[in-house]
Amino acid sequence: MLQYMSCRDAAERWNISQRRVSVLCAENRIPNVAMLGNMWIIPINAEKPTDARKSNGAKPTEKAHPFVKWAGGKTQLLDVLKSNLPSGIGTTITKYAEPFVGGGAFLFSLLEEYSFEEIYISDNNKELMNVYIAIRDNCNELLNDLITIQNEYNGLSAELQEQFYYEKRDEFNTVELTKKTSVQKASLFIFLNKSCFNGLFRVNKKGKYNVPFGKHKSVFLCDSDNLTKISAMLQNVEIKSCDYHEVMSFADSSTLVYFDPPYRPLNVTSGFTSYTEDDFSDKNQIELASCFKALSNKGVKVMLSNSDPKNTNENDNFFDNLYADFNILRVEASRMINSKGSSRGKIKELLIKNY
Ligand SMILES: C[S@@+](CC[C@H](N)C(=O)[O-])C[C@H]1O[C@@H](n2cnc3c(N)ncnc32)[C@H](O)[C@@H]1O
């Protein structure tokens, strides 16, 4: 009869962390592992798997990056954003807040380099914020779910993949988000994001996710190194699903707040502002500017990104007027999500700071 050991025993024997052992189990890297309740058990004579992170050419030090494709992602602007940080990060600035966190490109990049005593992230997309919570609190369980869905999907014919996608979409829309269903909904969210059309998140009037199938031949959901890294980064982070205004009660004079709201559309057809049931109108942009000012008056360091209306209309001074008291920079960026492939290209974006 096969005898088993626990992850803890395997971790000691192989001189690696327990978390790493769980990840190897979830990735099917150890033959004949099984689950007992919610714990992995490993054949006692199993050999330590070789470290694929080194042998497959992947960089072991690969930086943490967004776990979803997200409209308005800041990957293209990381260097510009970092070179515009206020002085005093890690000394006088000990708190960081990102109240439109989305895919978190800037957050992860920042946390690779700086540590803060307190970090607050939020977004009003509750399903997205649930994924952050699942990664922080139940990373191994999530990795297990992801590898299962990934293997199932990748083993199907194109026709069955489409059917599988719509079944998972129905499941996502039917299962209510609770503490108990958090991991299930997080894995469905990641699957839909990676297998839908163009990584969009769009809901109908009833709040049901309605993006069509993306016809991907295979999906890579279980990026265990990245998710494990993000999980470690998020351990002491306050994660909330709420309106950006709530950052007011977190921020004080030792805080940097980075606002990356839905961009103001350059023209009616180019805009992609429908992340949730509610659009972000000019009225919302004006309210956000008041919040920016209120934070600034409290001594908070504030940085904000937005589109530059002058790309399409030289005379449009909407943001120049709203943020006339602050430092307005025009930086070059390339937009990623746009309905017309031909109009993806370098355009100017605004970076506004109160320092
Ligand atoms: C431009 S995206 C942020 C992109 C993000 N920085 C990234 O790198 O992926 C804007 C985000 O704001 C969120 N959002 C829209 N209205 C909001 C509101 N009133 N309060 C908080 N978040 C909001 C959307 O769900 C979306 O994730």
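Structural remarks
- Among the residues of segment 25-35, the ones that are out of contact with any Cys (no Cβ under 9 Å at 6 or more places or on another chain) and free of Cβ contacts under 8 Å to residues at least 24 places away in the same chain come to 3 in all.
- Only one entry of Y120, Y153, Y96, Y132 meets the criterion of being farther than 26 Å from Y263 by Cβ and buried (at least 16 other Cβ atoms within 10 Å of the Cβ), and that entry is Y153.
- Screening L266 with (1) modelled with pLDDT of 95 or more; (2) surrounded by 19 or more Cβ atoms within 10 Å (Cβ to Cβ); (3) within 16 Å of the ligand (Cβ to nearest atom) gives one miss only, at (1).
- Per-region count, segment 233-248, residues within 11 Å of the ligand (Cβ to nearest atom) and in a helix (DSSP H, G or I): 4
- For the criterion of being part of a loop (DSSP other than H, G, I, E, B), at pLDDT 95 or above and either in contact with an Asp or Glu (Cβ under 6 Å, 6 or more places away or on another chain) or among the aliphatic types (A, V, I, L, M) (or both), L85 passes.
- Failed item, numbered, when A251 is tested on (1) part of a helix (DSSP H, G or I); (2) under 23 Å from R136 (Cβ atoms): (1)
- Residues of segment 1-24 satisfying the condition of being crowded, with 22+ Cβ neighbours inside 10 Å and in contact (Cβ under 8 Å) with a residue 60 or more places away in the chain: S22, V23
- Search result, residues across segment 104-115 that are outside any helix (DSSP H, G or I) and surrounded by 23 or more Cβ atoms within 10 Å (Cβ to Cβ): G104
The values are calculated or read from the model by the stated rules, or taken from the named source; none is laboratory data. Everything numeric here is computed off the predicted structure, so don't read it as measured data. Neighbour counts run over all protein chains shown; Cβ positions are idealised from the backbone, glycine included.
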